[in-house]
Amino acid sequence: MTAGPSPIRRVIAVLAAALVAVVFISMQSSPLGGSVWEQIWLSTFGTGLGTTSVLQLAMPILFAGLAAAVCQRTGMWNIGIPGQMIMGAWTATWVAYHLSGVPQAPLVLAMMAAGVIGGGLWMLLPALARVYLGVSEIIGTLLLNFVAIQWLIYWTGGPWANTNQNGGGTLIAKPLPAQATLPQFTIGSTTIGLALLIGVALAVVLAAVYRYTQFGYRSALAESGDELVRYAGISVWRTRLVTLVLSGGIAGLGGVLLVLDQLHVLSTSLTADNSGYVGIVAAALAGNALLGVVPSALLFGFLAAIGSALQIMDVSGEIVTLLTGLVLIIACINVGKPRFLARRSSARGTSPPSAPAPEPAPTLDEVAK
Amino acid sequence: MTVLQAALATAVLAGTPLLYAALGEMMGEKVGLLNIGLEGMMLMGAVVGFIVAIKTDSLVLGLLAGGAAGTVFTLVAYTFPVVVLRSEQGVVGFAVWFIGVGLSAIIGTHWTSRSLESGFGNVNLPLLDKIPFVGKILFEQPWPVYAGVLLAIFVAWGLGSTRHGMNMRAIGEDPDAAHAMGINVPFWQVFYSGVSGFLCGVGGAVLTLAITLNWNSEVTAGRGWIALALVIFAGWRPLALVWASFGFGACLMLAPFGQAHGWAIPSPFLSMIPYVFTFVVLVIRTWYARRSGRPSLEPAALGVTFVRERR
């Protein structure tokens, strides 16, 4: 999916989804009374508070989107983003508990580093299985999400449980040291977290890395997995391994920042809004362009805010999940350019790389030969 | 019935939704279609089957309605974009998952508090249930369990021993060659993705109508993904799917079983087991397949878009 959907297709996808949303929401009437549309306006860009929540919801989607885009650029999937977010946040929390006396800046930096390591290590397992054995990374990464969720439930409900707090359905861990927060900037009535700015900065840095460095060039080539790439001396398996672990690290960082920026404690609500999965769709809509993920994440943050507005009005907020799927399917279906018009060579061997590689995965054995 | 027998009997029942879904996915994969959206398809079958069963007071109608919902949903959301519009199968499958999760939750909004009074009752097979130990585990089950096993046997026979089955395998191995042989590739791809939608829908309905007896939006809890892994684990062999499904059913039942019997292991760790087990087994299976050098039955053209005009 190097090129990704054309800009026109992306706009059409978003407009079509918006149309479905308008039809669906118009059919709904809130049992609580009052206008649903007014509530949506108030919960999104209508008020400073609404704008703040759109930006907050967009933040984890941005990190997840970057993690997904990095992976897709080398022709692989990472559906394990929620799990990596959890493990990143867990590792960072562990660090924070042990460094409770440390001042704010070093503590936050240590937690962020721990998050990157935690997310990256969690990805290492499916990444090694993919690269060495050819075990589908789609299934491998996804299965580990369920494991990570149970791990989170164990720690927040067991050893780290906060016995003073009753969170209803969510389990909450012991509070973090008070200095474990990120600064927020207020412009008018809107608040922007430093976490979101870190995300934008990361997008810029990654875009530069992929644009200007040898690594970026190698991973763009490794995407095809062609014989030629290997003859050129590029180690496809190493590039893929590094990319997968990098992707896990970015997701882990997103998890930590979600804790530092918004939750302020490790809890099972970490992945409640499915931002890890939505990020994959955000990346797809952006055609895996790293800078494009930023506006795309904002759009899905807006969508998520609509979802919570609907929930406030006691209307099913699940429409958001449906819309997310619709945006993806409309953005990526093949309408405008039938494939038989594409050049023969490109039509045959290299099926679009975002599809789970039909050719057997290049493994260490093969590369060594 | 001893405690162990009862536990194993529950495991067989718990594995049945996996068996249906994995059989459906396998048949789709045999004609070259990789659909990773099983979870969404199962959820659609689960919710529609549950609602119809309560409205009509008929479990059989519920099961069929679940299958029909799965078929229609798959044909519209997966088959049309993939076979007719030739989109990427991975992306569409991912979207199918999302749409299925969202749509089923919307459909089932007002049904989460309802529950069935009784699910499918056990049907004891005469004579067979007298077999010591195994009889009570395998042959005192609701009829969808037997139907699933019979279906697997039928699919194994059909794929392995009939001309039609060979043709279908040819589509998955090399759609261009199959086309040259005069097989209507897009037609059979549409047909078998519909079948896979039906079986996933039935699998979801079995889950709500025979096991949980109620509906919530997370009722499948990753079973669709486990079924997807099962197809690989079983090496695209329908009969291997039977015992693989029941084995994974046992894994799924470990957490409730352990909790009920007061095991010293914290329940989150028991709940992890099916997913860890699936992953580990998949790794070992792939490693073993590479070592043994046995030819894989994985369709060679799995996930490849067939374009007739390209030839």
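How many residues are on the phi > 0 side of the Ramachandran plot and under 17 Å from the mean Cα position of the chain (by Cα) if we restrict to the range B:42-99?
Of the residues in the range B:42-99, 0 are on the phi > 0 side of the Ramachandran plot and under 17 Å from the mean Cα position of the chain (by Cα).
Any idea which residue in the range A:56-72 is modelled with the lowest pLDDT, counting only those that are closer than 20 Å to A:Glu223 by Cβ and of a type in the set (A, V, I, L, M, F, W, C)?
Per the criteria, the residue is A:Cys71.
Does A:Ala96 satisfy the criteria of being over 25 Å from B:Ala255 (Cβ atoms) and either more than 14 Å from chain B (Cβ to nearest Cβ) or modelled with pLDDT of 90 or more (or both)?
yes
When the range B:214-243 is examined, which residues are found to be more than 16 Å from B:Ser296 (Cα to Cα) and of a type outside the set (A, V, I, L, M)?
Correct list: B:Asn214, B:Trp215, B:Asn216, B:Ser217, B:Glu218, B:Thr220, B:Gly222, B:Arg223, B:Gly224, B:Trp225, B:Trp243.
Restricting attention to the range A:116-128, and to residues there that are closer than 29 Å to B:Val219 by Cβ and of a type in the set (A, V, I, L, M), which single residue is nearest to the other protein chains (Cβ to nearest Cβ)?
A:Leu125
For the range B:256-296, give me the residue count where each residue is hydroxyl-bearing (Ser, Thr, Tyr) and touching a residue at least 60 places away in the same chain (Cβ under 8 Å).
Residues meeting the conditions: 1.
Inspect the range A:61-69 for any residue being closer than 28 Å to B:Ala229 by Cα, within 12 Å of another protein chain (Cβ to nearest Cβ) and part of a helix (DSSP H, G or I) and give the result as yes or no.
Yes, the range A:61-69 has at least one match.
Within the range A:145-248, which helices (runs of 4 or more DSSP H) (wholly inside it) include 1 or more residues that are more than 22 Å from the chain's Cα centre (by Cα), closer than 23 Å to A:Thr74 by Cβ and not aromatic (Phe, Trp, Tyr)?
A:214-222, A:227-231
For residues in the range B:205-246 being crowded, with 24+ Cβ neighbours inside 10 Å and touching a Ser or Thr at 6+ places or on another chain (Cβ under 6 Å), which is modelled with the highest pLDDT?
Only one residue fits best here, namely B:Val206.
State which residue pairs qualify: first residue away from chain B (no Cβ under 12 Å) and inside the range A:271-291, second residue part of a loop (DSSP other than H, G, I, E, B) and modelled with pLDDT of 85 or more in any location, beta carbons under 6 Å apart, and separation of 6 or more residues or different chains.
Partner pairs satisfying both residue conditions: A:Ala286/A:Gly292.
Any residue at all in the range B:151-166 that's in contact with a strand residue (DSSP E or B) (Cβ under 7 Å, 6 or more places away or on another chain) and not in a strand (DSSP E or B)?
Scanning the range B:151-166 turns up no residue that is in contact with a strand residue (DSSP E or B) (Cβ under 7 Å, 6 or more places away or on another chain) and not in a strand (DSSP E or B).
Considering each residue of the range B:297-309, count those that are outside any loop (DSSP other than H, G, I, E, B) and touching a residue at least 60 places away in the same chain (Cβ under 8 Å), and give that number.
So the answer is 1.
Can you tell me which residue among A:Leu260, A:Leu303, A:Leu322, A:Leu290 is modelled with pLDDT of 75 or more and not in a helix (DSSP H, G or I)?
A:Leu290
Just a yes or no: is a residue in the range A:308-316 modelled with pLDDT of 85 or more and either of a type outside the set (A, V, I, L, M, F, W, C) or part of a loop (DSSP other than H, G, I, E, B) (or both)?
For the range A:308-316, residues modelled with pLDDT of 85 or more and either of a type outside the set (A, V, I, L, M, F, W, C) or part of a loop (DSSP other than H, G, I, E, B) (or both): absent.
Can you name the residue in the range B:106-131 that is closer than 30 Å to A:Leu328 by Cβ and not in a helix (DSSP H, G or I) and is also nearest to the other protein chains (Cβ to nearest Cβ) among such residues?
Taking the candidates together, the pick is B:Gly108.
Yes/no matrix, rows are residues, columns are (1) more than 14 Å from chain B (Cβ to nearest Cβ); (2) buried (at least 17 other Cβ atoms within 10 Å of the Cβ); (3) at pLDDT 90 or above:
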{"site": "A:Ala114", "(1), (2), (3)": "yes, yes, yes"}
{"site": "A:Tyr132", "(1), (2), (3)": "no, yes, no"}
{"site": "A:Val135", "(1), (2), (3)": "no, yes, no"}
{"site": "A:Thr141", "(1), (2), (3)": "no, yes, yes"}
{"site": "A:Leu152", "(1), (2), (3)": "no, yes, yes"}
{"site": "A:Gly158", "(1), (2), (3)": "no, no, no"}
{"site": "A:Gly169", "(1), (2), (3)": "no, no, no"}
{"site": "A:Ala178", "(1), (2), (3)": "yes, no, no"}
{"site": "A:Gln184", "(1), (2), (3)": "yes, no, no"}
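Please go through the range B:56-105 and pick out each residue that is within 18 Å of B:Ala205 (Cα to Cα), surrounded by 24 or more Cβ atoms within 10 Å (Cβ to Cβ), among the small types (Gly, Ala, Ser) and more than 7 Å from chain A (Cβ to nearest Cβ).
Within the range B:56-105, B:Gly62, B:Gly66, B:Gly67, B:Ala69, B:Gly70, B:Gly100, B:Ser104 qualify.
Look at the range B:106-143 and say how many of its residues are buried (at least 19 other Cβ atoms within 10 Å of the Cβ) and at positive phi.
Count: 0.
Residues being at the interface with chain A (Cβ under 8 Å from one of its Cβ atoms), of a type in the set (Val, Ile, Thr) and farther than 19 Å from A:Gly140 by Cβ: count how many of those fall in the range B:260-311.
Selection size over the range B:260-311: 3.
Taking the criterion of being in contact (Cβ under 8 Å) with a residue 24 or more places away in the chain, within 14 Å of another protein chain (Cβ to nearest Cβ) and either out of contact with any His (no Cβ under 7 Å at 6 or more places or on another chain) or among the polar types (S, T, N, Q) (or both), would at least one residue in the range B:201-211 satisfy it?
no
Which numbered condition trips up A:Ala222, out of (1) modelled with pLDDT under 85; (2) crowded, with 16+ Cβ neighbours inside 10 Å; (3) over 25 Å from B:Trp287 (Cβ atoms)?
Going through (1) modelled with pLDDT under 85; (2) crowded, with 16+ Cβ neighbours inside 10 Å; (3) over 25 Å from B:Trp287 (Cβ atoms) one by one, A:Ala222 breaks only (3).
When you go through B:Glu29, B:Glu25, B:Glu39 one by one, which is the residue that is within 11 Å of chain A (Cβ to nearest Cβ) and charged (D, E, K, R)?
Only one candidate passes the filter, namely B:Glu39.
Looking at the range B:105-119, I want the residues that are without any contact (Cβ under 8 Å) to a residue 60 or more places away in the chain and have a partner that is charged (D, E, K, R) with Cβ atoms under 7 Å, at least 6 apart or on another chain. Which pairs are those?
B:Ile106/A:Glu318
The values are calculated or read from the model by the stated rules, or taken from the named source; none is laboratory data. Everything numeric in this text was worked out from a predicted model, so none of it was measured. Ideal geometry is used to build each Cβ from the backbone, glycine not excepted, and the neighbour counts take in all protein chains shown.
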